[in-house]
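A quick write-up on the structure given underneath.
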Amino acid sequence: MNAPIRRKPTNLSLQENLVAEAKALGLNVSQIAEAALAAAVREAKAAAWLAENREAIEAYNRHVEQHGMVMARFRRF
């Protein structure tokens with residue numbers, strides 16, 4: 001079984017008018033903030049991974065340019 005997700009109470013400073021509009025529209029500001037934070041973390045992790053692996057990716061691309069794709073002769077498209 002998955003352990004329940006633990007939440008940490010956090011104070012945020014948000015534009016007052018946006019919070020008021022969100023509440024008037026029945027939006028859950030906490031859920032929206034959590035989803036936006038999760039997306040930002042995913043994007044930052046992806047950017048960090050790309051930066052860490054850029055040299056290997058470029059080396060592989062150079063190899064493919066010079067020697068072609070591995071097993072290309074077996075491709076049917």
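FYI, it's all coordinate maths here, none of it is from the lab. Keep in mind it's a predicted model, so treat the numbers as computed, not measured. In this analysis, Cβ positions are derived from the backbone assuming ideal geometry, glycine residues included, and neighbour counts consider all displayed protein chains.
If a residue has to be of a type in the set (Asp, Glu) and surrounded by 10 or more Cβ atoms within 10 Å (Cβ to Cβ) to count, how many in the range 54-77 make the cut? The qualifying residues number 1.
The rows are residues; the columns are (1) closer than 30 Å to Lys8 by Cα; (2) of a type outside the set (Phe, Trp, Tyr).
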| site | (1), (2) |
| --- | --- |
| Leu25 | yes, yes |
| Val29 | yes, yes |
| Ala36 | yes, yes |
| Trp49 | yes, no |
| Glu58 | no, yes |
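If you check Leu18, Leu50, Leu27, which single one turns out to be surrounded by 10 or more Cβ atoms within 10 Å (Cβ to Cβ) and in a loop (DSSP other than H, G, I, E, B)?
Leu27
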